[in-house]
Amino acid sequence: MLLSEIATSGPDFFYLAPWVVFFPVIGLLINMIFGGRLGEKAVGGIASTASGLTFVVAVLLLISLRTHHEGATVLLAEWISIGELQLDWAFRVDTLSTTMMLVVGGVGTLIHIYAIGYMHEDVRYKNDPGRFRRFFAFLNLFIAAMMILVTGDNYLMLFVGWEGVGLCSFLLIGFWYEMDTLAQASTANAMAAKKAFITNRVGDFGFLIAGMIMFWAFKSVQFDTVFEAAHHVAEHNPGVILAITLFMLLGVAGKSAQIPLYVWLPDAMAGPTPVSALIHAATMVTAGVYLVARSAPLYTLVPQAQFIVAIVGGATALFAATIAVGQYDIKRVLAYSTISQLGFMVAAVGMGAFVAGMFHLVTHAFFKALLFLSAGSVILGVERGHHHAAHGHHHDDHAHEHNEVFDPGDMRNMGGIRKRMPLTFWVYIIGSLALAGIFPLAGFWSKDEILAEALSLNFTVYILLAVAAFFTAFYMGRQVWMVFFGEPKHEAAEQAEESPPVMTVPLMVLAALSILGGALNLPGLGTFTHWIEHTYEKFHLHLHHGEFNITVAITSTVLALLAIGLSWVLYGRKAVTQDQPDPLKRILGPVFVGMENKWWVDELYWAVILNPYIALARFTADVIDWRFWHDWFHDKVIAGTFQWVSRTLLDRWFDQRGIDGFANGLADSTKELAQWLRGIQTGFVRNYALSVFIGVVVILGYLILQ
Amino acid sequence: MLPVSYYVGLSAVLFAIGALGVLIRRNAIIIFMSIELMLNAANLAFVAFARVHEALSGQIFVFFVITVAAAEVAVGLALIVAIFRNKQSIDVDQMSSLKG
């Protein structure tokens, strides 16, 4: 590029794109090789710096994109070239992928910093400080994989990242694999990790099928090639596009925790809280939303698929929100809230409101990361209080304290934390209000954009989402009242302590983002809309422009305030302890029991899928494999035949009769000959003399007669 | 003078008697004497042919034969004594321990 062009068109940093993957990989390697000799601060610092540098690169890409709207594709290496299949490791830099890079890099860095403080205490509560380094290696690996996912220029590179983040998710959910969430020896965390991995496999299977159909139909999985040919294929063979999009939806349901594959996400809270915030709320789970937004040129061709995606999203949003109402674990409420909010995003991108979906993705990353990290701060604060309390009772109540398993995450053990942890309280309030969609916080703008789009695009989905929004405000209100207000219900909560600045500073940054995030796409300005549109204009995609709808905004705000008021009536005035039933139970009765028990979906899956599957596995293992293959086929047929051949045919016939017969026969006949010849040796001298005489006669006779 | 065939015929008869004696008798002394008979039959044939051919070599051969026979008798009698000491008998059929 000439200097004059730089002057006119602005700087071009696209060539830096591969560094979004390289930096975390370098950080990971440094920590793996030298981390053992470094202190906790250095390990955390290196990991955070690596993550921070990816954010810097993302910002540079953002600056470049402001003047070069069309973006760029940076070829790093040719990967696979077989016949028609040509796959490269190329980095696709456009407004959509850069948005994801900024979210992953930015929120990721804040969570890295927070985790330095969090893990410092976590590894000590669980008596294994050696694991501190491993945690940060995994976090950097996650950032690298997520960056591969969002920067991939073809569906296969995207899939590589997709699987990479799935692996990191597995590793981090099972980070404390030898215990359960209460640090008791158990396989519970390991089971949760397996559940997440296997459930995601079901979704990945769908994604793979979609990719294979795509290659069959388009002879390519490269984004631009596929999107440009999509119109042509859709005219001749619309079923193919429908199949691709619906199989892709299965992958989306797995990764972004939608019905029917959402069940892994609540259990994923077994991982340390920064993991819940980074992977299972802010970034990884949004990969499905990103996939649909990225595949917009395909989805817009098949309205049936769009309808199904939107309905799945809407149903998930409402369903998960009802479950969140009945939960007592602070992180579990947030987990179901995440599923519900992902439902909002999937519904939005399903309806074709790609900008609204991506907007909510960004703001949700801010406030949900904030909420999870604050929840982690609360849990650690209560844990500290518990240790203080236990220490105070050291002499008189020693045995009792150690036998009792204390759950620092149970909201019924909390209450009144507002006074003990004021900073955490305030940022939590900001996060909750943002999530509930209260003006003018970030969630208000993004959620209302989705609702406004839904009203004009799909009324069913609008109703589902509006009700879900009501529940959202209600369960957040319930949580805030139970955790922060009222009187402490446990001495641990009474003595809870505020977290150190290394944790609270990232919280404050995220709180600021949760307040200001809405400014990204204010009605009338539409900065974010124009920004994302640059990605789509290449494919002449007509994006639906949702206008700000004041009726929708007022309706949802009134609903949210109503829900918060209702939650105050039920939970704000009187403390809920573990001994008494939830106040809502008296009103709703069996419905609340259903919410409390997650509508027995896990039990249903056990009954319908897992138990029959395990029975089938037992059957194949025991009957087919062991009894049929091993006992009958191997032992009887193969080994039996072999033994018959060796014993009867080879041993008895060939060896014993053939070879032994020959050798023994030779010996026997020699013996018989000897037996016969021995008869000549009579021992009588005259016999010998006679034979000599005969011999002489014969020889002489011969000589004479010759 | 008698023709030489008479001597040769006598020699053959003596040899046959000696051979027959060796083959059919069991007494070691008798067998020994039969062997001497065969040797002397040979000596007779030598002398007779020496006379016919007027060559002295045949007669000299006879001296050798007589010498060897004397040595043989010495050895043979010693063997017979040894056998007798062992078996209290000179029956050669008793000496059949090499029977197969």
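Values in this text are rule-based calculations from the coordinates and carry no lab data. No experiment lies behind these values; they were computed from the predicted model shown. A quick note on method: Cβ atoms are made from the backbone with ideal geometry, for glycine too, and the neighbour counts reach across all protein chains shown.
Can you classify segment B:4-88 as rounded, prolate or oblate using the Cα gyration tensor, where a ≥ b ≥ c are the square roots of its eigenvalues, rounded means a/c under 1.5, and otherwise it's prolate if a/b beats b/c and oblate if not?
It comes out oblate by the Cα gyration axes.
I need the phi-derived Karplus couplings for segment B:18-27: 6.51 cos²θ - 1.76 cosθ + 1.60, θ = phi - 60°, integer Hz, Gly and Pro marked x.
These are the phi-based 3J(HN,Hα) values: x, 4, 4, x, 4, 6, 9, 8, 10, 6 Hz.
Any chance you could check the Cα centroid distance between segment A:601-663 and segment A:35-108 for me, in angstrom?
Cα centroid to Cα centroid, the span is 54 Å.
What are the extents of the Cα atoms of segment A:272-317 along their three principal axes, in Å, largest first?
Principal-axis extents of segment A:272-317 (Cα, largest first): 41, 22, 8 Å.
Under the definition of Cα pairs under 8 Å and six or more residues apart, what whole-number percent is the relative contact order of chain A?
RCO, chain A: 11 percent.
Quickly estimate the mean residue ellipticity at 222 nm for the protein assembly as shown, helices only: each DSSP H run with n ≥ 4 gives -39500 (n - 2.57), and the total goes over all residues, rounded to 500.
-23000 deg cm²/dmol
Treat each spin label as a single point 7 Å out from the Cα along the C-beta direction, and report the A:L29 to B:V13 distance in nm.
Label-label distance for A:L29 and B:V13, simple model: 12.8 nm.
For segment A:31-177, what is the relative contact order in percent, using Cα pairs closer than 8 Å and at least 6 residues apart in sequence?
Computed over segment A:31-177, the figure is 27 percent.
May I ask you to list the lysines whose Cα is less than 24 Å away from that of B:K99, ignoring any residue fewer than eight positions away on the same chain?
Output for B:K99: A:K671, B:K87.
Starting from the Cα-Cα distance between A:F439 and A:L604, subtract it from 0.36 nm times their residue separation and give me the gain in nm to one decimal.
55.5 nm
Shielding by partners for A:529-540, please: the mean number of other protein chain Cβ atoms within 10 Å of each residue's Cβ.
The shielding value for this peptide is 0.
I'd like the trypsin sites (Lys or Arg not before Pro) in segment A:524-627 restricted to DSSP loop residues with at most 15 other Cβ atoms within 10 Å, sorted by number.
Taking segment A:524-627 and a limit of 15 other Cβ atoms within 10 Å, the loop trypsin sites (Lys or Arg not before Pro) found are A:R573, A:K574.
How much FRET efficiency would the formula 1/(1 + (r/R0)^6) give for A:H534 and A:L75, where r is the Cβ-Cβ distance and R0 is 30 Å, rounded to 0.05?
0.90
Beyond a 19 Å Cα-Cα separation, which of these cross-linked pairs lie in this structure: A:K368/A:K598; A:K489/A:K574; A:K419/A:K489; A:K331/A:K447; A:K368/A:K447?
A:K368/A:K598; A:K331/A:K447
Report, ordered by chain and residue number, the lysines lying within cross-link reach of A:K538, taken as a straight Cα distance under 27 Å and ignoring same-chain residues fewer than 8 apart.
Within the straight-line cut-off, A:K538 pairs with A:K219.
What is the distance, in nm, between label points placed 7 Å from the Cα along the Cα-to-Cβ direction at A:M508 and at B:V52?
Modelled inter-label distance: 15.7 nm.
Counting partner chain Cβ atoms within 10 Å of every residue's Cβ in B:13-24, what's the average?
So the per-residue partner count for this stretch is 2.
Would you mind checking which residues have amide H under 5 Å from A:F91's amide H? H placed 1.01 Å from N; only 5 or more apart, or other chain.
A:V74, A:L75, A:L76
Given a cut-off of under 8 Å on Cα pairs at least six residues apart, what relative contact order in percent is computed for segment B:4-88?
27 percent
Work out, in µm²/s and without decimals, the Stokes-Einstein translational diffusion coefficient of the protein assembly as shown at 4 °C, 1.567 mPa s, Rh from Kirkwood over C-alpha pairs.
39 µm²/s
How shielded is A:685-692 by partner chains, expressed as the average number of their Cβ atoms within 10 Å of its Cβ atoms?
Per-residue shielding by partner chains comes out at 4.
Run the simple label-point estimate for A:A674 and A:E487 please: 7 Å along Cα→C-beta, distance reported in nm.
The two pseudo-label positions are separated by 11.4 nm.
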